[in-house]
1. Consider region 174-206. How many of its residues are closer than 23 Å to Lys140 by Cα and either in a helix (DSSP H, G or I) or in contact (Cβ under 8 Å) with a residue 24 or more places away in the chain (or both)?
2. Would you pick out the residues in region 101-118 that are surrounded by fewer than 16 Cβ atoms within 10 Å (Cβ to Cβ) and either near ligand 1 (Cβ under 10 Å from one of its atoms) or free of Cβ contacts under 8 Å to residues at least 40 places away in the same chain (or both)?
3. Taking only region 1-51 into account, find how many residues are hydrophobic (A, V, I, L, M, F, W, C), over 20 Å from Glu214 (Cα atoms) and in contact with a Ser or Thr (Cβ under 8 Å, 6 or more places away or on another chain).
4. Output the number of the condition that Gly126 fails; it satisfies all remaining conditions of (1) among the small types (Gly, Ala, Ser); (2) free of Cβ contacts under 8 Å to residues at least 40 places away in the same chain; (3) away from ligand 2 (no atom under 16 Å from the Cβ).
5. Could you tell me which residue of region 135-153 is surrounded by the fewest Cβ atoms within 10 Å (Cβ to Cβ), considering only residues that are of a type outside the set (S, T, N, Q) and under 22 Å from Tyr28 (Cα atoms)?
6. Please indicate, with yes or no, whether at least one residue in region 141-152 is under 21 Å from Leu82 (Cβ atoms) and in contact with a Cys (Cβ under 7 Å, 6 or more places away or on another chain).
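The values are calculated or read from the model by the stated rules, or taken from the named source; none is laboratory data. This one's a predicted model, so the numbers in the text were calculated from it and none came from an experiment. Note that each Cβ is placed from the backbone with ideal geometry, even for glycine, and that neighbours are counted across all protein chains shown.
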Amino acid sequence: MLIILLGPPGAGKGTQADRIVKNHGLVYISTGDILRKAVKEESSLGRKAQEFMDQGQLVPDNLVVEIVRERLKEPDCLNGALLDGFPRTVEQAVFLENVLPEIEAAIDQVLLIEVEENELVERLTGRRVCCDCGANYHVKYKSPKVRNVCDQCGGDLYQRDDDTLTTVKERLEVYKKQTEPLIEFYQERDLLYTVDGNKEIDEVNEQINNVLKEL
Ligand code: AP5
Ligand code: MG
Ligand code: ZN
């Protein structure tokens, strides 16, 4: 099974992905997480990606596509994978289509999580992330039991470098220009299902589960 999560920054892709992979036994592939890890490790990919990420721009396609191809080829993906944050441009989507025969897979569903813009800004500027396990929190909507400490692993919570107001606004613009065309791309292929992401986390998850159980 291959599921794609599409949606603007802050829509709740990571939050929902965490639940989807637990419920459906899929491998989680987030290009954002892979890139942030590379930046932290100061690898050659990380050094190239950092300036784009800090400015809220997309990392060039050629740096991202091969990573995804290699990851999808690993044996644990045979039972299915969930892609979060990839593809993000039409070029990446075309690349993915060309890779699918190689791994004998097909896209089962593209889930578009839609959320109003004001809400996105609020969610991103209030987000906190665990530095050890990557779990997502929010100062208002999903606060941890102990301030700045992860409920799941006890790690410290931090604010992502790209979650400042200026960078958030840039990321939303980039989404409109470069990623929104994918909505039509997947509509044409009859793969798109739109989820109302303005609802509470559990309600959004219920909508997603209803779609996935039909597959
Ligand atoms: P990436 O890490 O993919 O970030 P993004 O797409 O901007 O999305 P976010 O992770 O910010 O939001 P999310 O939808 O996961 O929301 P979350 O669940 O955390 O990419 C980062 C950067 O990497 C890009 O800018 C780019 O530079 C680069 N990059 C990555 N992939 C690339 C690619 N393929 N090509 C090129 N460049 C690439 O939720 C947000 C907050 O809201 C949390 O605090 C959460 O607790 C809260 N929340 C979630 N759901 C709800 C709800 N229903 N109600 C209330 N609060 C909620
Ligand atoms: Mg995310
Ligand atoms: Zn943690």
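1. Our first condition is that a residue be closer than 23 Å to Lys140 by Cα; within region 174-206, this holds for 195-206.
Right, trim to either in a helix (DSSP H, G or I) or in contact (Cβ under 8 Å) with a residue 24 or more places away in the chain (or both) and you get 195-198, 201-206.
Within region 174-206, residues that are closer than 23 Å to Lys140 by Cα and either in a helix (DSSP H, G or I) or in contact (Cβ under 8 Å) with a residue 24 or more places away in the chain (or both) number 10.
2. Across region 101-118, the qualifying residues are Pro101, Glu102, Ile103, Glu104, Asn118.
3. If we filter region 1-51 for residues that are hydrophobic (A, V, I, L, M, F, W, C), which is where we start, we get 1-6, 11, 17, 20-21, 26-27, 29, 34-35, 38-39, 45, 49.
If we keep only those that are over 20 Å from Glu214 (Cα atoms) as well, we get 11, 29, 34-35, 38-39, 45, 49.
Keeping just the survivors that are in contact with a Ser or Thr (Cβ under 8 Å, 6 or more places away or on another chain) gives none.
Total satisfying the criteria: 0.
4. Only one criterion is unmet by Gly126, namely (3).
5. Within region 135-153, the first condition is being of a type outside the set (S, T, N, Q), and the residues that meet it are 135, 137-142, 144-147, 149-151, 153.
The next check asks that each one be under 22 Å from Tyr28 (Cα atoms); those that pass are 135, 137-138, 142, 150-151, 153.
On the way: Ala135: 19, Tyr137: 19, His138: 18, Lys142: 16, Cys150: 21, Asp151: 15, Cys153: 12.
The extreme case among them is Cys153.
6. First pass over region 141-152, keeping only residues under 21 Å from Leu82 (Cβ atoms): 142, 152.
Subset that is in contact with a Cys (Cβ under 7 Å, 6 or more places away or on another chain): 152.
Within region 141-152, one or more residues are under 21 Å from Leu82 (Cβ atoms) and in contact with a Cys (Cβ under 7 Å, 6 or more places away or on another chain).
Results for (1) at pLDDT below 95; (2) more than 7 Å from ligand 1 (Cβ to nearest atom); (3) within 16 Å of Gln178 (Cβ to Cβ), shown as yes or no for each residue.
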position: Gly12; (1), (2), (3): no, no, no
position: Gly25; (1), (2), (3): yes, yes, no
position: Glu51; (1), (2), (3): no, yes, no
position: Asp61; (1), (2), (3): no, no, yes
position: Val65; (1), (2), (3): no, yes, yes
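Yes or no, residue by residue, for (1) over 22 Å from Glu200 (Cα atoms); (2) among the aliphatic types (A, V, I, L, M):
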| position | (1), (2) |
| --- | --- |
| Lys140 | no, no |
| Val149 | yes, yes |
| Gln152 | no, no |
| Thr166 | yes, no |
| Arg171 | yes, no |
| Lys176 | yes, no |
